[in-house]
Every structure is written in structure tokens, then in C-alpha cells.
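The values are calculated or read from the model by the stated rules, or taken from the named source; none is laboratory data. Source: prediction; values computed, not measured. Cβ sites come from the backbone with ideal geometry, for glycine too, and all protein chains shown count toward neighbours. When the accessible area is computed, the model is the full protein with side chains, heavy atoms only, and any ligands, DNA or RNA have been set aside. Shrake-Rupley method; radii C 1.70, N 1.55, O 1.52, S 1.80 Å.
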Amino acid sequence: MSPPAPAPASSSFRLGLTGGIGSGKSTVAALLAEHGATVIDTDALSRATTAPGGAALGPIAATFGAHLINAQGALDRAAMRALVYDDAAARRRLEAIIHPLVLQAADQQSREAEAAGARCIVFDVPLLVESGRRWRDRVTQVLVVDCPVPTQIARVMARSGLTQAEAERIIAAQASRAQRLAAADVVIDNGEGVTLDDLRQTVASLAPRFGL
């Protein structure tokens, strides 16, 4: 599969939003949307590639085996998750299939948002830092939603019913907190004790910086 073309020049402010699991990134995305930002959810785009009829299913079956496609014609996400968490090479092969498709879909959505006059396009990208220049070259600035790892673990356990070991395993597979902070142009602290009202005030204070 050929790599996606570079994103076109943009008149909109293009914000890359990221943060580790349990950081509150999705909450910040929703607050930015309240200020008029157009949010492109790359996690949703990724899921669409492995839903029934998704563009990634054929390459996944060819690479990993048809047994990873379930009876409904979608990716068996639990089986694939178990495979890639135990095998970094398998995770890279999966990403090589899905990431270009997500980039193409995100570029299409951003062109549509531009045409509609969007002032700010937010690319909500869980693995922005892990993807290297692929996303960084597409955005004006990177906004990181940050919190300490113990807070991440507690939130993931409460939200998803996972064990501490399972939460730690997911976090270990992502970029480190230090790596995300090093990539940030702007950081929002969403650690323990930060309320939704606090986040709302922080986003409101930053909104003009993003053209909102």
C-alpha cells in the first residue's frame, strides 16, 4: 500500500490532540467542539476500517489469517488485541495496514471541514506521538492532555473494569508520559483533583489560541 500524500496547506488552525489512556483527552475534545472546533476522531476512523466491509479487513486476513475475522465480518478485536500486545512486530504490521487508511480518511474529513469554513480542526489522535512525523507534519500545534500514570491506572480500572495489571499493560504499550510532554506545544493538566469545571475554564482560556 502506497503511503498517503502529504496533507494540503490549510487555512484552518490544525490542532493535534493526544494523551494517554485515561488522561481525559476525549473530554477535552468535546469541550473544544463546544467552542466550535471540528473534531476528527481517528480512533473512530480506525474502528471503521475493521468494521464489516472495512478496508483493512482484506489485508488483515491476508497478513494474520482469516480466523481473525469474526462471524459478523468484522475484526475479532479481542483476539487481535491479545496478539499485538504480546508481539511488537505483529503490532507494527497491523499499524502498517490501518494507519495509512486512517490518514486518508482524516485528510478527506479535514478537506470537507476546510470547505465548510472550519476555524479549527482538531485531530484527536491517541497514538500521535508514537506515529512520529506522520501526524506532526499535519498539524499546527500539538496539545497534550496530561496526568500522572497512577491517575491513568485508577481511571482505566474504574471506567473499563480492568485489573491493575491490564491497565498497566495498555499504558506500557503507549508512548511514555515524558515522550508526550516532549512533543507538546501546549499541555493541559488533568491530574487528580482537576474537575470538569476546571477543564472547561482551561479550554476556554486556550480557545482563542486555536482560532476559536
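Protection proxy ranking for 176-187, 25-36, 119-130, using the average of other Cβ atoms within 10 Å per residue and placing the highest first: 119-130, 25-36, 176-187. Mean sequence separation of contacting Cα pairs (under 8 Å, at least six apart), scaled by the length of the chain, corresponds to a relative contact order of 36 percent.
Computed over region 101-147, the P(r) curve from all C-alpha pair distances, binned at 5 Å from the origin, holds 4, 18, 30, 26, 14, 6, 1, 0 percent per bin. For a label point 7 angstrom out from the Cα of GLU34 toward its Cβ, which stretches of region 140-156 have the backbone nitrogen within less than 13 Å? Those under the cut-off are none; the list is empty.
Judged by the ratio a/c of the largest to the smallest principal axis of the C-alpha gyration tensor, region 130-212 counts as oblate, that ratio being 1.5 or greater while a/b is no larger than b/c.
Which order, highest average first, do 67-80, 142-155 follow once you tally other Cβ atoms within 10 Å for each residue and take the mean per peptide?
Details: 67-80: 14.1, 142-155: 19.6.
Final packing ranking: 142-155, 67-80.
The slack between THR163 and SER205, meaning 0.36 nm per residue of separation minus the straight C-alpha distance, is 11.5 nm.
Taking label positions 7 Å along the Cα-Cβ direction at both ARG133 and ASP185, the computed distance is 1.7 nm, reported to one decimal.
Dividing the summed helix terms, -39500 (n - 2.57) for each DSSP H run of n ≥ 4, by the number of residues in the chain produces a 222 nm estimate of -15000 deg cm²/dmol to the nearest 500. For the chain, what does the alpha-carbon gyration tensor say about shape, rounded, prolate or oblate, given a ≥ b ≥ c as the root eigenvalues, a/c under 1.5 as rounded, and a/b over b/c as prolate? Because a/c hits 1.5 or more and a/b fails to exceed b/c, the chain counts as oblate. Phi angles across region 127-138 convert, under the Karplus curve 6.51 cos²θ - 1.76 cosθ + 1.60 with θ = phi - 60°, into 3J(HN,Hα) values of 10, 4, 5, 5, 7, x, 6, 3, 8, 4, 6, 9 Hz, Gly and Pro given as x. Post the alpha-carbon centroid distance, region 115-194 to region 39-76, in whole angstrom. About 23 Å separates the Cα centre of region 115-194 from the one of region 39-76. With protein chains left intact and a 1.4 Å probe, residues in region 138-212 average 52 Å² of accessible area per residue.
Would you mind telling me the share, in percent, of accessible area of the chain contributed by carbon and sulfur at probe 1.4 angstrom? Don't skip to the end; give the middle numbers.
Values: 5460 of 10270 Å².
That fraction is 53 percent.
Scan the chain and note any complete DSSP helix (H) whose C-alpha atoms cover at least 24 Å along its axis and whose Kyte-Doolittle average is -1.0 or more. Helices meeting the span and hydropathy rule in the chain are 88-115. A full extension of the chain between ASP86 and ASN70 corresponds to an added length of 3.7 nm, given 0.36 nm per residue minus the alpha carbon distance.
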